[in-house]
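Just so you know, all these numbers are worked out from the coordinates, no wet-lab data involved. Keep in mind that this is a model prediction, so the values were computed, not measured. A quick note on method: Cβ atoms are made from the backbone with ideal geometry, for glycine too, and the neighbour counts reach across all protein chains shown.
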Amino acid sequence: MLLSKVLGVIVIARNGDRLNYYQDPYNYAASNTETTALGEVESHGLGSLIRSTYFDSSSPSYIEGIRSDLVDNSEVKVRVKAGVEGTVVFDSAIALLQGLFPPNPNNKIVLANETTIVAPLGGYQYVPVETVEPGNDRSLESWTNCPAFEKHTKSFYNSPDFKSKSQDASSFFNGVRDYVFGRPATLENAWNIYDFINSELTHNRTYAHRLPPTFLEQARHWANYHEHGVFSDGDINGIGNVAGRTLLHTILESLERIAFNGDPLQFMLVETTYQPFISFFEQTGVTKDHPEFFGIPNYASAIAIELRRGAPPDVRDFLRIRFKNGTATGFEDVHVFGHHADIPFTEFVYRAEGAAITSNKQWMEVCGVKSSSALNVLDVVPSVSDNLFAYIMGLAALAGMLFSGMTLYKKRRAEQRRVKLIGEEVSQVVYAHYGSVSRPSIITVRGVPEREPYPTSNSDDAFGEHAFVGEDYYPEHPQWIL
């Protein structure tokens with residue numbers, strides 16, 4: 001469909017280069033890490049490529065009608081994963097946006113006194129970013145704290161194929177022990193072995209000179225096998241594809257917004273880590289036709305999902321999927337669900353919507369989560385049923401407050417109207433120290449009146465000072481039995 005026009009694009013981007021970090025092979029809890037200048041340059045370059053591809057009116061893939069000089073925040077939405085590798089993913093998103101929307105001197109304002117103010121750094125463009133924390137939203141990190149996924153991982157490790165591959169890889173892991181400095185050299189730990197070697201080879205000159213040839217390639221091979229086995233499943237609805245299943249919800253919802261003429265959204269950026277790439281390619285069958293994309297995508301990789309409208313007489317909407325693996329290559333077309341060309345939008349929705357995890361309740365059921373503490377908001381837009389429930393509960397709370405207020409008001413009015421008997425008047429006699437901490441008495445020291453010191457605690461407070469303890473003046477608190 002060479003004559004089709006681009007209505008909008010969703011870009012799923014992986015973070016750029018970072019320092020080494022560790023992931024637990026069984027539950028994928030991770031350590032902290034930091035981005036590098038190399039990673040920021042990689043992401044910035046990806047942003048520049050996206051700009052020249054989709055925001056340049058002379059490009060054949062130009063998004064029709066989108067503003068390209070200055071960002072229009074109604075046309076652009078950015079979501080950033082803030083779980084493991086969180087700061088790195090965020091930094092990569094900012095660097096990508098700097099390349100996508102570079103400083104422009106037209107980013108200025110004229111004040112009432114006719115003074116022209118240009119934004120800092122020559123017209124820097126500040127693009128709103130929505131961070132997606134797994135503690136509040138599981139849509140971009142659905143595999144952590146998921147019991148069913150942990151069970152899937154253990155089943156993979158106990159499979160006959162994994163045990164066979166472990167035997168095949170034993171010679172490599174025995175040889176690499178001297179270069180990973182105490183890290184477990186096993187197939188279960190293959191991702192951590194590869195990530196350490198790759199990071200050291202990039203940033204440590206001494207290590208790079210000493211590492212034997214082919215060790216990086218072998219480590220990458222076994223890490224690809226490991227991560228594909230963990231983050232994929234033979235069934236599109238399988239728990240191994242949970243990273244892709246929550247991503248599908250974001251993709252489908254964004255495509256529906258772009259396709260709707262009344263919604264201004266035209267470009268969606270999802271900055272995330274490598275896991276959803278593996279699941280998405282497995283779910284859509286990309287790795288069957290492109291075995292070179294099997295396993296872990298390189299830093300600053302990106303999937304571009306273009307919503308296109310065909311030229312007459314076929315004016316249906318189609319999807320074109322493109323992939324860029326790291327910084328060495330540009331975007332190339334990949335085909336999904338067995339197609340060898342653009343797929344009709346309606347067919348993609350039909351094939352994918354059944355696998356998408358679209359609600360908090362569904363995520364809990366899929367993962368086997370019994371406590372709502374591990375689950376939070378998943379939907380990008382709250383559902384009508386969720387809003388209705390919130391409204392009902394709010395009205396019930398308001399009614400309760402009004403009822404309590406009216407009851408108290410009537411009680412006070414009745415009390416004021418009641419005839420008081422003799423002896424019911426409020427006593428005007430004030431007893432010294434009644435109901436309060438006793439005041440220290442006055443004592444005389446060498447003819448000079450002084451007060452007795454207030455009692456203090458034997459321990460210092462948070463500021464290292466001796467704290468006053470009022471409870472020394474009170475009797476032991478009574479025991480309440482409810």
- Which order do the peptides 185-196, 122-133 take when ranked by the mean count of other beta-carbon atoms within 10 Å per residue, highest first? 185-196, 122-133
- Message: Could you compute the net charge surrounding Glu34? Neighbours are other residues with a C-beta less than 13 Å from the C-beta of Glu34; K and R count +1, D and E count -1.
- Response: -3
- Task: Using the structure shown, select from Lys154/Lys324; Lys151/Lys361; Lys81/Lys108; Lys108/Lys324 the pairs with a Cα to Cα distance greater than 23 angstrom.
- Result: Lys154/Lys324; Lys81/Lys108; Lys108/Lys324
- Task: Rank-order 160-168, 90-98 by packing density, defined as the average count of other C-beta atoms within 10 Å over each peptide's residues, highest first.
- Result: 90-98, 160-168
- Query: So for Val88, Val176, fewest C-beta neighbours within 10 Å to most, what's the order?
  - Reply: Val176, Val88
- Remind me, relative contact order of region 288-344 in percent, using alpha carbon pairs under 8 angstrom and six or more residues apart? 30 percent
- By average Cβ neighbour count within 10 Å, what is the ranking of 259-265, 19-25, 141-147 from highest down? 141-147, 19-25, 259-265
- Query: When Lys and Arg each count +1 and Asp and Glu each count -1, what net charge do the other residues less than 10 Å away from Pro276, Cβ to Cβ, add up to?
  - Reply: +2
